[in-house]
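The values are calculated or read from the model by the stated rules, or taken from the named source; none is laboratory data. Predicted model only: the values in this text are computed from it and were never measured. Cβ sites come from the backbone with ideal geometry, for glycine too, and all protein chains shown count toward neighbours.
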Amino acid sequence: MPTFRTPAYYTLCYSDAGHGPAVLFFHPFPLDRHAWDAQVAALVPEHRVLAVDFPGFGESGPPPAGLTLASVAANVSRLARGLGLERLSVVGLSMGGYLALELAAQDTPLVERLVLADTRAGADSAEGAAGRERFAKRAEKEGIGWIADDMLPKLLRRRPDIQVSRRVAAAIALATPAGVAGAQRAMAARADHRGTLETLRMPALVITGTEDALISPEESVHMAELLPQGRLHAIPGAGHLSELEEPEAFNRALVSFLTE
């Protein structure tokens with residue numbers, strides 16, 4: 001897989017396949033770019049599709065101390081422009097949505113269309129940030145063996161498909177303690193972009209699973225209302241990882257939005 005060496009001396013691994021209008025995917029925590037395999041397969045016949053591993057996940061290098069979402073977004077912007085891309089659509093889910101929104105805020109001319117799935121625009125509360133720090137410290141101390149049991153009930157619908165549960169658990173097992181801790185701290189320190197939504201004039205799609213236990217569908221409704229060209233698409237019966245639990249429904253909404 002190709003990698004990009006950032007000015008902060010860490011590497012971002014990414015996949016790059018297909019030809020046509022470019023689409024960039026940011027994955028959810030605590031998975032990697034393969035969370036998007038079904039979407040990449042659906043788009044690659046007609047699009048150039050990139051998917052990036054967050055530092056410490058997949059094949060990207062370990063995160064540096066003090067990693068921020070803003071710095072990752074800035075480096076992805078450098079990567080995209082270094083590949084000759086002047087315009088692309090950006091798709092992010094959960095943590096990936098935070099990163100997609102940060103990229104759109106930093107480099108608005110780059111982002112032609114924006115998809116924010118099962119995510120939010122606001123920053124963490126003090127309580128939420130403290131919880132992330134506890135999570136980060138536990139990962140550093142104990143490793144990641146406990147994370148699947150802790151997170152699966154939150155990531156998936158009330159009655160999850162056993163194959164999806166196994167796939168997500170296996171993906172979580174590939175994460176690194178440093179990556180988990182770095183991502184949690186980066187998310188805890190992220191900017192509040194609720195005000196940013198009103199400034200983003202590109203077409204935007206907000207996707208929510210109706211059984212999302214981490215981010216309520218009501219938050220997604222509000223985000224879609226704030227985006228000047230925002231629209232909402234709810235996926236019935238999907239939990240937080242809507243792209244994995246209902247990939248066909250997710251793909252229909254995504255392809256329709258990108259090709260209209």
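Among the residues of segment 233-260 satisfying the criterion of being more than 16 Å from Ala41 (Cα to Cα) and of a type in the set (Gly, Ala, Ser), which is surrounded by the most Cβ atoms within 10 Å (Cβ to Cβ)?
In this case the residue turns out to be Ser242.
Which residues, taken from segment 229-252, are over 14 Å from Gly92 (Cα atoms) and not charged (D, E, K, R)?
Gln229, Gly230, Leu232, His233, Ala234, Ile235, Pro236, Gly237, Ala238, Gly239, Pro247, Ala249 - these are the residues of segment 229-252 that are over 14 Å from Gly92 (Cα atoms) and not charged (D, E, K, R).
Considering each of Leu85, Leu99 in turn, give the residue that is in a loop (DSSP other than H, G, I, E, B) and touching a strand residue (DSSP E or B) at 6+ places or on another chain (Cβ under 6 Å).
Every option except Leu85 fails the conditions.
For segment 17-28, name all the residues that are more than 13 Å from Leu244 (Cα to Cα) and crowded, with 16+ Cβ neighbours inside 10 Å.
Gly18, Pro21, Ala22, Val23, Leu24, Phe25, Phe26
Can you name the number of the only condition in (1) modelled with pLDDT under 95; (2) on the phi > 0 side of the Ramachandran plot; (3) of a type outside the set (Asp, Glu) that Gly20 fails?
Only one criterion in (1) modelled with pLDDT under 95; (2) on the phi > 0 side of the Ramachandran plot; (3) of a type outside the set (Asp, Glu) is unmet by Gly20, namely (1).
Right, Pro28: touching a strand residue (DSSP E or B) at 6+ places or on another chain (Cβ under 7 Å) and either of a type in the set (Lys, Arg) or part of a loop (DSSP other than H, G, I, E, B) (or both) or not?
For Pro28, the condition - touching a strand residue (DSSP E or B) at 6+ places or on another chain (Cβ under 7 Å) and either of a type in the set (Lys, Arg) or part of a loop (DSSP other than H, G, I, E, B) (or both) - is met.
Working only within segment 182-210, note down all residues that are part of a helix (DSSP H, G or I) and polar (S, T, N, Q). Please lay out each step first, then the result.
Applying the first criterion (part of a helix (DSSP H, G or I)) to segment 182-210 yields 182-188, 194-197.
Residues satisfying the conditions are Gln184, Thr196.
What tally of residues in segment 33-70 results from selecting those that are under 23 Å from Leu214 (Cα atoms), of a type in the set (D, E, K, R) and surrounded by fewer than 24 Cβ atoms within 10 Å (Cβ to Cβ)?
1
Got a sec? Which helices (runs of 4 or more DSSP H) wholly within segment 103-181 have at least 2 residues that are in contact (Cβ under 8 Å) with a residue 60 or more places away in the chain and touching an Asp or Glu at 6+ places or on another chain (Cβ under 7 Å)?
Qualifying helices (runs of 4 or more DSSP H): 162-172.
Filter segment 107-122 for residues that are of a type outside the set (A, V, I, L, M, F, W, C) and over 19 Å from Ala74 (Cβ atoms) and give the result.
Within segment 107-122, Arg113, Asp118, Thr119, Arg120, Gly122 qualify.
Kindly establish whether Glu218 is in contact (Cβ under 8 Å) with a residue 12 or more places away in the chain and either among the charged types (D, E, K, R) or over 22 Å from Leu110 (Cα atoms) (or both).
Details: in contact (Cβ under 8 Å) with a residue 12 or more places away in the chain: no; either among the charged types (D, E, K, R) or over 22 Å from Leu110 (Cα atoms) (or both): yes.
No; evaluated as a whole, the condition is false for this residue.
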